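> Below is a structure I'd like to ask you about.
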Amino acid sequence: SFAEIARTHGINSDILFVYQGKEFLFDSIGGEKAEMVQVPASEAKAPLHIEIFEKDGQPVFSCEYRRDMFSEDYLLRFLTCLEQAALEFTRKQRLGEVCLTDAQTAAEMDAGNETERPFPVTDIVSLFRAAADKFPDRPAVIFKEEELSYRQLDELSDRIAGFLQSRGIGKGRVVSVLIPRCSEMAAASLGVLKTGAAYQPLDPSYPTERLSFMMKDADCSFLIADEPLLEKVPDYKGEVLLLKDIPALPACGRIKEHPAPEDLFILLYTSGSTGTPKGVMLEHGNLANFCGWYREYYSLDETCRVAAYASYGFDANMMDLYPALTTGACVCIVEEEIRLDLLTLEIWFKRRGITHSFMTTQIARQFYTMTSIPQLRFLSAGGEKLVPVAPKTGETRLINAYGPTECTIFSTAMPVDRLYERVPIGRPIGNYRCYVVDEQLHRLPPFVPGELLIAGRGVGRGYLGRPDLTEKAFIKNPFSDDPGYARAYRTGDIVRLLPDGTVDFLGRNDGQVKVRGFRIELSEVESVVREFPGITDATVQAFDNENNGEKFITAYVVSASPVDETALKDFIRRQKPAYMVPSVIMQIDAIPLTQNQKVNRRALPKPEWKQDERAYAAPVTELQKKLCDMFAGALGLDRVGINENFFDLGGTSLTVAKIAVRAAAENLPIAFKDIFDYPTVEALEKYVLSIMQSGPAAKQEVD
């Protein structure tokens, strides 16, 4: 009987069945005696109720649904998809050949990919030269009290290029650049590019092992560096141009030969699934197209001022520099010490007259909600999923953007024009096309989740020296033979296309995550964790902080003896960047596995920030209570003792920024850097009291 079939398959009680015109609900099936009850349709309806029956020799779909759970558009598309699947089953021999998209839907999606724009196919040096010739006396770069005009930047980068060429640097070579935040971020980069070579920006915060690997993998031909940073690359034995020697370089006439659009522009390293970083190769033509789109989308002209906020080794730094420097606008480089001090940064933005800026998602959202900067026209956010935020009227436009490094900074973008339940990542930018596909690379209709495939003039060359990975990720576009879109990149990101053409980001199809805007392969972190003495098994997983939406990673380790968490974090920090160090270490008896011998993520214990309850000391004074409350609120904890270290409990630069903002609102003399200097409530209270008792002069002296 039908009831026996239901029992055999363990059918749940909340599923409604139609059998021979009758409706049935099955209750408590699966090991227990089940009772079959006939339920009138008027008394019990499933949220979604679909019947397929034959009428006049044709199949008919009947659908009833709850309007508070489904939209009519969604259901119509769902039924169209169901009908297409049924038709495909009669036409195709194999399940893998079935395509859920009909011709009409495909044409509709193609219309959303009509992004052609007449941006010049050229190189960045030519675009910069044109801007420098047109606006020679306008400010090009400002850093602290130093200002370079376009004429000065052009001449300085010419001198660097001439020196490099005298050392044999030219096309096909790579020059590494290891410098702090300074005006040479622009001058050194342009100097390398003028020789026809590509540059490799190195982040000084990276550990020695990673920097050495990157330089060796790139077959570095030359190094431009700040002298104090040379100790970060002890293995490098080649030629070096020091920052301090650049002003004394001999004058050099204009280098007449410019790079070609297909020449290598930059080499950027991203996390690798095998534990080895991989070098992404981007060409001049990729950047030239992005600059053309940026100027048009953001209404960028020579009167604008762009904040260079991103780290030099981060792909967004190209967005901070080149759209402005190829337009005649001014690049204002944010000092390192104020990048996360949002209150000071607001003052800096106003003083510099910043009109355009990019920040990683979490910082951008907080900066957007807490500041009021009338002249700031656009604030772009990218790198992570944006938590919904209500747009402000009459002020800054918040742009939510998305793009893998392999596709040149941004691939999609959209303004946050209302309070979304889920903020989409936008539509494809100029000369890009986005496709949502299944495992067989068949296009999927709107609302159906699949992998995002990106084609267009921003798709890079591939991975340096990794033909296997390049072949796997960079493929021939299965949907277009147009030369501008013939090459496509498989992102590994799971998205769904919305009916209006926007893309909704859902997650990843592998172990890759974004933390603080940086892409991390969890397996790369795990490989280092497994090298720590005494650890016999490990897995690394990513989680969302329920309190603030931040992404963090947790390492689950198995060892016969207690693991020294501080020593383990230091061990990882010596080999990997700070953003790859797990926020939480959890020692467990064994890594739970599924029947397929994969990590059972659901069976892992919930990450816990370690608090020693035995050593807990409750706040006594009113100021201690207030500070403990601020610490706990920022960290998402129930309570924080006066002796507990803020950073040992999971504090990050972003949570420090939140405390600084709240302290300012309550008129407490606590600056961003003070939390780092006094990371416990007890220490911070003593500092605050000393400032309050001594007056403003003492605060200035301490600063």
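> Please work out how much length the chain gains when fully extended from ARG66 to ASP500, using 0.36 nm per residue of separation minus the C-alpha to C-alpha distance, in nm with one decimal.
Details: separation 434, 0.36 × 434 = 156.24 nm, distance 2.29 nm.
Fully extending the segment from ARG66 to ASP500 adds 154.0 nm.
> While we're on this one: If I take the Cα coordinates of region 254-322 and project them onto the principal axes, what are the three extents in Å, biggest first?
46, 31, 22
> Using alpha-carbon positions, what is the distance between the centroids of region 101-134 and region 160-207, in Å?
Value for the Cα centre distance between the two parts: 28 Å.
> Could you sort the peptides 521-532, 398-409, 413-424, 482-493 by per-residue average Cβ neighbour count (10 Å cutoff), highest mean leading?
Working: 521-532: 19.9, 398-409: 25.2, 413-424: 15.2, 482-493: 17.7.
Output ranking for 521-532, 398-409, 413-424, 482-493: 398-409, 521-532, 482-493, 413-424.
> Another question, if that's okay. Within the chain, what percent of beta bridges assigned by DSSP are antiparallel, to the nearest 5?
Among the beta bridges of the chain, antiparallel pairing accounts for roughly 65 percent.
> Mind listing P(r) for region 445-489? All alpha-carbon pairs, 5 Å bins, whole percents.
For region 445-489, the pair-distance distribution reads 5, 22, 26, 20, 17, 7, 2, 1.
> Right, here's the next one. Once both labels are modelled 7 Å past Cα along the beta-carbon direction, what's the THR369-VAL121 spacing in nm?
Distance between label points: 4.6 nm.
> Taking 0.36 nm per residue of sequence separation and subtracting the Cα-Cα distance, how much length would be gained by fully extending the chain between LYS144 and ARG254, in nm to one decimal? Intermediate results must be reported in sequence, preceding the final value.
Numbers: separation 110, 0.36 × 110 = 39.60 nm, distance 2.83 nm.
Once the chain is fully extended between LYS144 and ARG254, it gains 36.8 nm.
> Would you mind listing how long region 331-384 runs along its three principal axes, going by Cα atoms, in whole Å with the largest first?
Dimensions of region 331-384 along the principal axes of its Cα atoms: 29, 24, 22 Å.
> Can you figure out the FRET efficiency of SER694 with GLU51, using R₀ = 56 Å and their beta-carbon distance, to the nearest 0.05?
Values: r = 79 Å, r/R0 = 1.41.
So, using R0 = 56 Å, E works out to roughly 0.10.
> A further question follows. Please give the per residue accessible area of region 386-541, computed with a probe of 1.4 Å over protein heavy atoms only, in Å².
Values: 5940 Å² over 156 residues.
Accessible area per residue, region 386-541: 38 Å².
> Now, a different point. Compute the Rg/Rh shape ratio of region 645-687: radius of gyration over Kirkwood radius, all on alpha-carbon atoms.
On the way: Rg = 9.6 Å, Rh = 10.3 Å.
Taking Rg over the Kirkwood Rh, I get 0.93.
> If you don't mind, another one. Order 199-205, 683-689 from most to least packed using the mean count of other Cβ atoms within 10 Å.
On the way: 199-205: 21.1, 683-689: 17.6.
Ranked by mean Cβ neighbours within 10 Å, highest first: 199-205, 683-689.
> Rank MET281, MET359, CYS220 by how far each Cα sits towards the positive end of the charge dipole of region 209-368 (+1 on Lys, Arg Cβ; -1 on Asp, Glu Cβ) and give me just the farthest.
So the residue we want is MET359.
> Same structure, new question: By how many degrees, 0 to 90 and rounded to 10, does the Cα axis of helix 103-112 deviate from the longest principal axis of the chain?
20 degrees
> If you average over every viewing direction, what projected area does the convex hull of the Cα atoms of region 414-508 give, in nm²? Could the numbers behind the result be given before it?
Numbers: hull surface 27.2 nm².
Computing the convex hull of the Cα atoms and averaging its projections yields 6.8 nm².
> Angle, helix 284-297 long axis vs. longest principal axis of the chain, Cα atoms, 0 to 90°, nearest 10?
Approximately 80 degrees, to the nearest 10.
> Using the Kirkwood radius over C-alpha pairs as Rh, can you work out the diffusion coefficient of the chain via Stokes-Einstein at 4 °C, viscosity 1.567 mPa s, in µm² per second?
Numbers: Rh = 28.5 Å.
Rounded to a whole number, D works out at 46 µm²/s.
> Toward the positive end of the charge dipole of the chain, about the Cα centre and with charges on Cβ (Lys, Arg +1; Asp, Glu -1), which of LEU211, GLN152, PRO449 goes farthest?
It is GLN152, whose Cα lies furthest towards the positive end.
> Test of understanding: what is the full-extension gain from VAL620 to TYR74, defined as 0.36 nm times their sequence separation minus their Cα-Cα distance?
Working: separation 546, 0.36 × 546 = 196.56 nm, distance 5.66 nm.
In short, 190.9 nm is gained.
> At 7 Å along the Cα-to-beta-carbon direction for both LYS606 and ARG351, put a label point, then send me their distance in nm to one decimal.
4.5 nm
> Relative to the longest principal Cα axis of the chain, at what angle does helix 124-134 sit, 0 to 90 degrees, rounded to 10?
Its long axis makes an angle of about 50 degrees.
> Moving on. I'd like the carbon and sulfur percentage of the solvent accessible area for the chain, probe radius 1.4 Å, heavy atoms only, ligands and nucleic acids excluded. Could the numbers behind the result be given before it?
On the way: 15950 of 31910 Å².
Here it works out to 50 percent.
> Another question, then. Arranged from highest to lowest average of other beta-carbon atoms within 10 Å per residue, in what order do the peptides 260-268, 659-667 appear? It would help to have the intermediate numbers written out before the result.
Details: 260-268: 20.9, 659-667: 16.3.
Per-residue mean Cβ counts within 10 Å order the peptides as 260-268, 659-667.
> Once phi is turned into ³J(HN,Hα) by the Karplus curve 6.51 cos²θ - 1.76 cosθ + 1.60 with θ = phi - 60°, what whole-Hz value does each residue of region 253-261 show in order, with x for glycine and proline?
x, 4, 7, 7, 7, 9, x, 8, x
> For region 72-204, what does the equivalent ellipsoid look like in terms of its semi-axes, each the square root of 5 times an eigenvalue of the Cα gyration tensor, given largest first in whole Å? List each step's numbers first, then the result.
On the way: eigenvalues 573, 76, 47 Å².
Value: 54, 19, 15 Å, ordered largest first.
> What base-10 log of the normalised intensity I(q)/I(0) is obtained for region 402-465 from the Debye formula, alpha carbons as equal point scatterers, at q = 0.26, 0.28 Å⁻¹?
-1.17, -1.21
> If you don't mind, there's one more thing I want to ask. List the pair-distance distribution P(r) of region 268-391, using every Cα-Cα distance, as the percent of pairs falling in each 5 Å bin from 0 up to the bin containing the longest distance, rounded to whole percents.
Pair shares across the bins are 2, 10, 20, 22, 20, 14, 8, 4, 1, 0.
> Something else about it: Counting Lys and Arg as +1 and Asp and Glu as -1, each charge on the Cβ, what is the dipole of the chain about the Cα centre in debye, to the nearest 20?
Working: 79 positive and 99 negative charges, 209 e Å.
In debye, rounded to 20, the chain gives about 1000.
> When all alpha-carbon pairs of region 351-479 are counted, what percent fall beyond 25 Å?
Working: 2990 of 8256 pairs.
In whole percent, the share of Cα-Cα pairs in region 351-479 beyond 25 Å is 36.
> Separate question: Spin-label point model (7 Å from Cα, Cβ direction): what's the GLU155 to ALA578 distance in nm?
Taking the two extended label points, one gets 3.8 nm.
The values are calculated or read from the model by the stated rules, or taken from the named source; none is laboratory data. It should be emphasised that the depicted structure is a prediction, and the values quoted were computed from it without experimental measurement. When we count neighbours, we look across all protein chains shown, and the Cβ atoms used for this are built from the backbone with ideal geometry, even at glycine. Heavy atoms of the whole protein, side chains included, go into the accessibility calculation; ligands, DNA and RNA do not. Shrake-Rupley method; radii C 1.70, N 1.55, O 1.52, S 1.80 Å.
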